[in-house]
Structure formats: C-alpha cells, structure tokens
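The values are calculated or read from the model by the stated rules, or taken from the named source; none is laboratory data. Treat the numbers as computed from the prediction; the structure is a model and nothing was measured. Every residue, glycine as well, gets a Cβ built from its backbone with ideal geometry; the counts of neighbours run over all protein chains shown. When the accessible area is computed, the model is the full protein with side chains, heavy atoms only, and any ligands, DNA or RNA have been set aside. Shrake-Rupley method; radii C 1.70, N 1.55, O 1.52, S 1.80 Å.
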Amino acid sequence: MSNHLNPTLHQNWKTNGYLKIPGFFSTEEVVALQTWVSEISCWQPTREKWMHHYESTPDGPRLSRSENFVPYHAGMKATVTGGKVLDIVSELMAEQAVLYKEKINYKYPGGGGYAAHQDAPAYEFVNYHITCLISVDSATPESGCLYFASGRHLEGFIALDDKGCVAPETASTMQWVAVPTDPGDILLFGSYIPHKSPTNRSDQPRRIVYLTYNAHSQGDWREQYYADKRQVFSEYAKDGSNRDKQISKIAHFQGKVVNHGR
C-alpha cells in the first residue's frame, strides 16, 4: 500500500476520528467528478439498478440521494474501487479495503439536513468501516457541511435513540466542529464518530460523494448490502411504520421524502 499520510495526520485521525485532506483531487479530476455526478443525477429511476431518493424543497421535488451507481458508471467505478482513494483508506485501515457502499447526497437549496448520528448502526455485516467524503461542490456551514463531535468516536455507541440516532439531549451537550470543504477536498471518518449536517440555507447545491469501505478481511458485502436494503424497505412499505419515508435504516434524514426510486 502507498503511504499518503505523515505521522501527524495519522495522529490527528486517531485523536479526532476524522481527517480532512484539502486538494486531494486535481482541478481536472474535479471537473470529471462534477460531470459524472450530473450524469448520474439525470438517470431515470429504476427498481433494479441504481437507487434515487427524492425530497421536497422550496423548488419542488429534487433528488436527495443516489446510490448503487458504481456498476453502471465506468469513470466513477475506476475512481472509487482503485487508485488513490482506495490507497488512502487502506492505509488508515492498515490493511486492504474494499468498497462497501456508495452514495451521492445532493442537498439542493432547501434540502434537508441530518440529525446527529453515528454510521455504525445503519451499516450491517461488518463491525467497522471508513467513509471517504469527496466534495463535489463547496460545503459551508450555510450550505450544510458536516459537523463532528471530535474525539467522541472512542466511546463506541453513544446514547442511541429509537431512530438509531444520537439522542437529542445528548447531542445538545456535545461540542460540534464545522468542517467546510472545497471541490476536490476529501474528508475521511470512521463508523463511530458522531456527525450531523444542517439544512442547505444557501442558493447553491452541496453535492457530495460518500464512499464507505470495510477491511477486505471482513468480506465483500456490497451486493448484499443493497439487496438487503431493497428487501427491508419493501417490508417497511407494507408494515405501516412509515419507515419507508426514510432514506436509510436509521431515521436521521430531516427532509421530507416525497418519492423513492428503489
């Protein structure tokens, strides 16, 4: 595995539970990523391949999230399943990583935020993973960048409520650090670091690619993850629980879901 990180960055990762690397992608690579995200956003909904989720915004229904697009987009597949992204995640894991799942969160103007949560409760089959966020657009506190509770990843599960999130009364006592990103920056964070993001109050989209990886030694679960998610949400749609209005197994999304392209 290649070494991308110096000892100071490794220590920051261990201490804070997240790591921002500015300018990880070149200007040309950012243009390609922006083009690819736009292409994926134009794909028509399907129940067998990629997955689109929609939300209500002041401008009407807009895409909130796309998932399971890697098998259907050659450029994105090459970028996220090999090369420097996989290398840097593998370095942090201290072993070879494999893609577990992928998503684009669009967060158009007025798009909903996400309540304080940890990712671990939503991602089954493995006990630890690392997510690599790629900033496609600028993400600011106004447009809904991520906030982290630095260092709290060392505590394991924290005050999970019935939604699978960090209980609001606990979240309100945490010290939250805003981590803005520019196009081409990446932000790495693990399963247990509490994080959240507010509604987009700007007039620009805040498109971000989230790539989640697990250690190869724990298996390749990507296809199983999406098969399981489709099955579970099919059951949600029938059980009267209203959980089919979520976009994840945990109810952290704070926007209003208006349609699903599962």
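Restricting the search to helices (runs of 4 or more DSSP H) fully inside segment 1-84 and requiring at least 2 residues that are open to solvent by less than 60 Å² (accessible area, probe 1.4 Å), in contact (Cβ under 8 Å) with a residue 40 or more places away in the chain and β-branched (Val, Ile, Thr) gives 27-41, 74-81. Residue count for segment 125-164 satisfying the condition of being within 23 Å of residue 13 (Cα to Cα), touching a residue at least 40 places away in the same chain (Cβ under 8 Å) and not small (Gly, Ala, Ser): 20.
For (1) of a type in the set (Gly, Ala, Ser); (2) at pLDDT 95 or above; (3) more than 23 Å from residue 62 (Cβ to Cβ), each residue gets a yes or a no:
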{"residue": "121", "(1), (2), (3)": "no, no, yes"}
{"residue": "163", "(1), (2), (3)": "no, no, yes"}
{"residue": "166", "(1), (2), (3)": "no, yes, yes"}
{"residue": "180", "(1), (2), (3)": "no, yes, no"}
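Among the residues of segment 174-201, those that are of a type in the set (S, T, N, Q), under 17 Å from residue 145 (Cβ atoms) and surrounded by 20 or more Cβ atoms within 10 Å (Cβ to Cβ) comprise 181, 197, 200.
Considering only residues of segment 159-173 that are of a type in the set (Gly, Ala, Ser) and out of contact with any Lys or Arg (no Cβ under 8 Å at 6 or more places or on another chain), which is surrounded by the fewest Cβ atoms within 10 Å (Cβ to Cβ)? Among them, the one singled out is 172.
Residues that are in contact with a helix residue (DSSP H, G or I) (Cβ under 7 Å, 6 or more places away or on another chain) and at positive phi within segment 7-31 comprise just one, 17. Tell me, yes or no, whether segment 240-258 has at least one residue that is on the phi > 0 side of the Ramachandran plot, among the small types (Gly, Ala, Ser) and either in a strand (DSSP E or B) or modelled with pLDDT of 95 or more (or both). No; the residues of segment 240-258 include none that is on the phi > 0 side of the Ramachandran plot, among the small types (Gly, Ala, Ser) and either in a strand (DSSP E or B) or modelled with pLDDT of 95 or more (or both).
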